[in-house]
Amino acid sequence: MDSPEQRRKRKRFQKTTKFSLLRHFPPVRSLLYCFGFFISLYLIFRQHTVSSFHNVVTLSRLSSFSNYQINPVNFFPKLPQFTIQDRVSFPDHTLLLVSVDTISPISIDGYRLECVYKSNKSDQGIKLRNVLSLDEYKEDSLLRLLVRCPLSPENFSSPIAVQQKGINNPTRPDTLEHKTLRSWDNLAYEAVLDEKNAIVFVKGISHRQDKESDPTRFTCHFGLGKYMLSSRAITVAQEVVRCMLPRSMLMHPDKARGVRATVSYQMPRVHGRGRVPNRVVVPSVAKISVLEPSTRINNKHELCVCTMLWNQAHSLREWITYHSWLGVEKWFIYDNNSDDEIKTVVENLDLEGYNISRRVWPWIKTQEAGFSHCAIRARTECNWVSFMDVDEFYYFPHNPISGFPNQGSLRTLVSNFSSSLSIGEIRTSCRSFGPSGLTSRPKQGVTVGYTCRLKSPERHKSIIRPDALDTTLMNVVHHFHLRKGFTHMDLHQGIAVINHYKYQVWEVFRAKFHRRVATYVADWTESQNEGSRDRAPGLGTEAIEPPEWRLQFCEVWDTGLRDFVLANFGDYSSGVLPWDRPM
């Protein structure tokens, strides 16, 4: 039998042995921490693996995976989803207004879209065609695309979808065929707020140039379905309808942003019939835009320029460089479906410090309405706005008293009239230049290359004060109607003229046969007004070069602007002009 001392030793030995063994293992709390950590790693790894595997499986089906760039936020970017908002049918193409839904937006140059057409026969499936052009615009601060598609192939529908080339991610199925194809002949296409009024631009309501319509026949409508609000028209002229804002929008103008707008009108009463005239509602793709408040309200630009152009990338640099030297501070360019390098040229000029605003304007033969739209935009930013074309250049002839023009001469000229209480428009005569014996485009630009013109001026162009314009915003051939109390002033040709390089070498002039931008001027291919100043004398309706074209329209040799440009813009050592330098 053990003694008490032995039993005490045995218990002490067993206790020590037990704890010495447990000492080799971590505490229970540490085990729980470690277990939780490994579980978290497992879940994260599993989620990442499944997601990556799903993307790999999806993208492995695509034939153009190399077109995608690695996004540092997400290695596999979400494919963009395209939703057709509206479709408009033009004579030579179909316009799709498309919204883009994507977490990782791709540069517009990377979309590489193609148009999708559905067969009218069940056994032929679909056809794909490359887009004619692709551009972007902002609506409610969101990116939208303007996609121009070719006309549909035979036995196929108009384009019902767009998708990225080589990637089967077409327009969302619920929007493919439910968007009515609108006809350009009858359509509300733009809308903008102008203080307490809404301006709606409408095609097909008036075919009368320089004439107002009876506003009591017209009503504006805002919204869709049972939530539509209406208000009366104040003025109607050509394609521009001005309406009062409904009271709810008047109190909160920002709520009008993005609301669809259109007009309705009463058909004229037919003589001898007692029926109430029918009211016609114009289809609409127009959504109200709210011009952003200008930061220059108390310090406006003295002189701005607005133009509408098509495929004038080769001429733009010379035109902007020259007139900026004369004092133009801001440019509003309305791009009417160009498919050349105009966007790149504008971006480069903007980077060089020229203040250029390019707006995509897809509406054909709407120059007057586009100028009205531009006048609204410019009013908060500019004291004076010149409406002119890219082939028109202001020229100040040498004056025995004032000498040669200085830098900023055009801005100084208009600023002299800013304090006038009556002058709202400055008109300048245009001298039309011909090919001047050339057969190819002059390398140093039009101001240097073309030196022979017609003797008598043709027409005039205008610089206007936006605040002086009539509420109709009506304009004809680059001049506007003014409010009561304002008048225009004609500049003497000894002070300033416009060199209009209207009849250039045939390869350039031939482009005019594509389509003219003015609403009420016949296209070159139409046999209308062939003897008017809107046409080229002796030229028919076909783009066939007349005999001795290079020698036509040459009555007076005029080298004034050429000499001035070479003296003031040429490099001292090489003679190279700013617009002649390689980019």
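The values are calculated or read from the model by the stated rules, or taken from the named source; none is laboratory data. This one's a predicted model, so the numbers in the text were calculated from it and none came from an experiment. Cβ placement follows ideal geometry from the backbone for every residue including glycine, while neighbour counts extend to all protein chains displayed. Note: accessible area is taken over every heavy atom of the protein model, side chains too, but ligands, DNA and RNA are not part of it. Shrake-Rupley method; radii C 1.70, N 1.55, O 1.52, S 1.80 Å.
General remarks:
- Against the numbered list (1) buried (at least 23 other Cβ atoms within 10 Å of the Cβ); (2) within 24 Å of ARG411 (Cβ to Cβ); (3) of a type outside the set (A, V, I, L, M); (4) under 12 Å from the mean Cα position of the chain (by Cα), ARG358 comes up short only at (1).
- Odd one out for ASP140, checked against (1) open to solvent by less than 70 Å² (accessible area, probe 1.4 Å); (2) touching a Pro at 6+ places or on another chain (Cβ under 8 Å); (3) modelled with pLDDT under 85: (2)
- Test: residue in the range 436-455 that is farther than 19 Å from VAL565 by Cβ, open to solvent by less than 50 Å² (accessible area, probe 1.4 Å) and of a type in the set (Val, Ile, Thr): no
- Residue in the range 299-309 that is among the hydrophobic types (A, V, I, L, M, F, W, C), open to solvent by less than 30 Å² (accessible area, probe 1.4 Å), part of a helix (DSSP H, G or I) and modelled with pLDDT of 95 or more present: no
- The single condition among (1) closer than 18 Å to THR487 by Cβ; (2) open to solvent by less than 10 Å² (accessible area, probe 1.4 Å) that SER372 does not meet is (1).
- Positions within the range 456-482 being surrounded by 18 or more Cβ atoms within 10 Å (Cβ to Cβ) and of a type in the set (S, T, N, Q), in sequence order: SER462, THR472, ASN475
- Subset of the range 418-428 [within 32 Å of the chain's Cα centre (by Cα) and at pLDDT below 95]: SER418
- Residues (free of Cβ contacts under 8 Å to residues at least 40 places away in the same chain and open to solvent by 40 Å² or more (accessible area, probe 1.4 Å)) located in the range 407-420: ASN416, SER419
- The range 410-445, residues that are aliphatic (A, V, I, L, M) and part of a strand (DSSP E or B): ILE423, ILE426
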